[in-house]
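Participant: I have a structure I would like to understand better, so I am pasting it below and will then ask my questions one at a time.
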Amino acid sequence: MSAVPRPVDEPARQDDWLWLSDPDLSDVEADLVAAALRRPRLSSGPIVERFEQEFARWVGRRHGVAVASGTLGTLLALRALGIGPGDDVIASPYGWHQVAHAVELAGARVVFSEIDYWSGCLDPARAAARITPATKAILAGNVNGHPAAWGTLRELSGAHRLRLIEDSTEAVGSRLAGLRVGSFGDISVFDFSQPSLLCCGEGGILLTDDEAIAAELRYLRARSASDRRSVSVGSRIPLQASIGEPTAALALGQLVRIDDILARRKQVEARYLEELQSFEGIKPPYVAPDVDEVQPMLVVLHLGKRFTASACAQIVEDLATEFVEAAIYCRPLHQQFHYASKGWRRGDFPLVERIADRALALPLHVHLDADHVKFIVKTLKDSSVNVGAGAAIY
């Protein structure tokens, strides 16, 4: 992977780019997938079950239910919890849209709430003010590796008899109060598509300690051959939302090596932090007092007030001219068309907007060496001068 810019008139090749995400794959994954392909069963089978058991054990939960995506997983979770039309689910508008979309797919209504400025996660105090008799659940995420305030969220949900759903996609391996993320929700959701640091192409998993919930999730996840003659299967119509054996084999190979992957990503993150020390005005990395470990999905910089939203977009374009893939971390959900059509507007959540306008996602994966990181940060600094922002002041 090259960190040296090519001449402007020479077309870029795939291997010239420094991508946001580049999965760490080895012979372990290749051998497990090859073994899965030699078996007579490619649809969900014993390898899927093995991955479910091992991932649940690694996180510290009793049950794992592998699913085709985080969106479908969250939809199944809502259905298993009896949440649908007429119900409200409180969620943050800061983050990627896929999980919150599941609330709409279930026929329920998303009620957005403000974030904690430092962690970027749902603020429990502000969420409490959104609770009404229609509220049935809180859906909170561990934003770019930082665990949410799960102790307070658990107290809040318990006091109001609400279900608590934990989206841990962005924080595989992060730990809070001695527990890995994924340990805190009634149901926890992981998505393993890129740029997840545990990546198997597509797929995800639901975790729970409740045996009855796990059984319902498995029922809702997939139809079986025996269902073709069933007169009762349509009582709670299942989806086709499971994963196949090759996908589970790839995920299992990643899980076998997960501690090494996490450690090597931390080395890359440390190189970024060292190079960024001379870039004044970036919001400093934050770790809450009870957080033991933060494993970010990407390097997300919160640029200073001199950077406008259009300047950040220009930086993304400048980085692309040097074959560095970057992205604006998110457009807040309340500003996206589907939710704007339901009455949400810019100005509803000032903290979300203040951060999201200047949150820039940079590559983070084990294939980045010290020279790559140095080149990315230098290009970022050069671009900040080009857009007229100079050194940021936050």
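Participant: Considering only the stretch 91-108, how many residues are buried (at least 23 other Cβ atoms within 10 Å of the Cβ) and on the phi > 0 side of the Ramachandran plot?
Facilitator: 1
Participant: What do you reckon, is D357 open to solvent by less than 40 Å² (accessible area, probe 1.4 Å) and acidic (D, E)?
Facilitator: So D357 passes the test.
Participant: Residues to consider are A128, A171, A159, A134; find the one that is over 20 Å from V103 (Cα atoms) and open to solvent by 20 Å² or more (accessible area, probe 1.4 Å).
Facilitator: It is A159.
Participant: Still on this structure: Given the conditions (1) out of contact with any Ser or Thr (no Cβ under 9 Å at 6 or more places or on another chain); (2) open to solvent by 20 Å² or more (accessible area, probe 1.4 Å); (3) in contact (Cβ under 8 Å) with a residue 40 or more places away in the chain, and given that A149 satisfies all but one, which numbered condition is not satisfied?
Facilitator: Evaluating A149 over (1) out of contact with any Ser or Thr (no Cβ under 9 Å at 6 or more places or on another chain); (2) open to solvent by 20 Å² or more (accessible area, probe 1.4 Å); (3) in contact (Cβ under 8 Å) with a residue 40 or more places away in the chain leaves (1) as the failure.
Okay, residues lined up against (1) in contact with a His (Cβ under 9 Å, 6 or more places away or on another chain); (2) closer than 26 Å to R57 by Cα; (3) part of a helix (DSSP H, G or I); (4) at pLDDT 90 or above:
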| site | (1), (2), (3), (4) |
| --- | --- |
| L217 | yes, yes, yes, yes |
| D227 | no, no, yes, no |
| A248 | no, yes, yes, yes |
| E274 | no, no, yes, yes |
| S278 | no, no, no, no |
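Participant: Which count do you get for residues in the stretch 160-200 that are among the β-branched types (V, I, T) and over 17 Å from A137 (Cβ atoms)?
Facilitator: The qualifying residues number 3.
Participant: Of the residues G185, G201, G141, which is modelled with pLDDT under 95, in contact with a Leu (Cβ under 8 Å, 6 or more places away or on another chain) and not hydroxyl-bearing (S, T, Y)?
Facilitator: After ruling out the rest, the residue left standing is G201.
Participant: Could you go through the stretch 102-112 and let me know if any residue there is among the acidic types (D, E) and either farther than 17 Å from P332 by Cβ or out of contact with any Leu (no Cβ under 6 Å at 6 or more places or on another chain) (or both).
Facilitator: The answer is yes, given that some residue of the stretch 102-112 is among the acidic types (D, E) and either farther than 17 Å from P332 by Cβ or out of contact with any Leu (no Cβ under 6 Å at 6 or more places or on another chain) (or both).
Participant: Next question. So which residues in the stretch 144-175 are in contact with a Leu (Cβ under 7 Å, 6 or more places away or on another chain) and in a strand (DSSP E or B)?
Facilitator: Those that are in contact with a Leu (Cβ under 7 Å, 6 or more places away or on another chain) and in a strand (DSSP E or B): R163, L164, I165, D167.
Participant: Restricting the first residue to the stretch 43-54 and requiring it to be closer than 7 Å to E245 by Cα, which pairs with a second residue that is open to solvent by 50 Å² or more (accessible area, probe 1.4 Å) meet a Cβ separation below 7 Å and a spacing of at least six or different chains?
Facilitator: none
Participant: Looking at the stretch 109-122, can you tell me whether even one residue there is among the aliphatic types (A, V, I, L, M) and either open to solvent by 60 Å² or more (accessible area, probe 1.4 Å) or in a helix (DSSP H, G or I) (or both)?
Facilitator: Within the stretch 109-122, not a single residue is among the aliphatic types (A, V, I, L, M) and either open to solvent by 60 Å² or more (accessible area, probe 1.4 Å) or in a helix (DSSP H, G or I) (or both).
Participant: Would you mind finding the one in L262, L252, L239, L273 that is surrounded by 12 or more Cβ atoms within 10 Å (Cβ to Cβ) and farther than 29 Å from S26 by Cβ?
Facilitator: L239
Participant: Please go through the stretch 1-29 and give me each residue that is part of a helix (DSSP H, G or I) and either over 25 Å from the mean Cα position of the chain (by Cα) or at pLDDT below 95 (or both), ordered by number.
Facilitator: Correct list: Q14, D15, D16, D27.
Participant: While we're looking at this one, here's another question. So S232 fits all but one of (1) over 30 Å from A356 (Cβ atoms); (2) at pLDDT 90 or above; (3) out of contact with any helix residue (DSSP H, G or I) (no Cβ under 7 Å at 6 or more places or on another chain); what number is the exception?
Facilitator: Single failed check for S232: (2).
Participant: Then there is this: Of everything in the stretch 301-315 that's in a helix (DSSP H, G or I) and out of contact with any helix residue (DSSP H, G or I) (no Cβ under 9 Å at 6 or more places or on another chain), which residue is farthest from K374 (Cα to Cα)?
Facilitator: Restricting to residues being in a helix (DSSP H, G or I) and out of contact with any helix residue (DSSP H, G or I) (no Cβ under 9 Å at 6 or more places or on another chain), the top hit is S310.
Participant: Give me a count of the residues in the stretch 311-336 that are more than 26 Å from A100 (Cα to Cα) and surrounded by fewer than 16 Cβ atoms within 10 Å (Cβ to Cβ).
Facilitator: 3
The values are calculated or read from the model by the stated rules, or taken from the named source; none is laboratory data. Every value quoted in this text rests on a predicted model; they were computed, and no experiment measured them. Positions of Cβ are backbone-derived with ideal geometry, glycine not excepted, and every protein chain shown enters the neighbour counts. Side chains included, ligands, DNA and RNA excluded: accessible areas come from the protein's heavy atoms. Shrake-Rupley method; radii C 1.70, N 1.55, O 1.52, S 1.80 Å.
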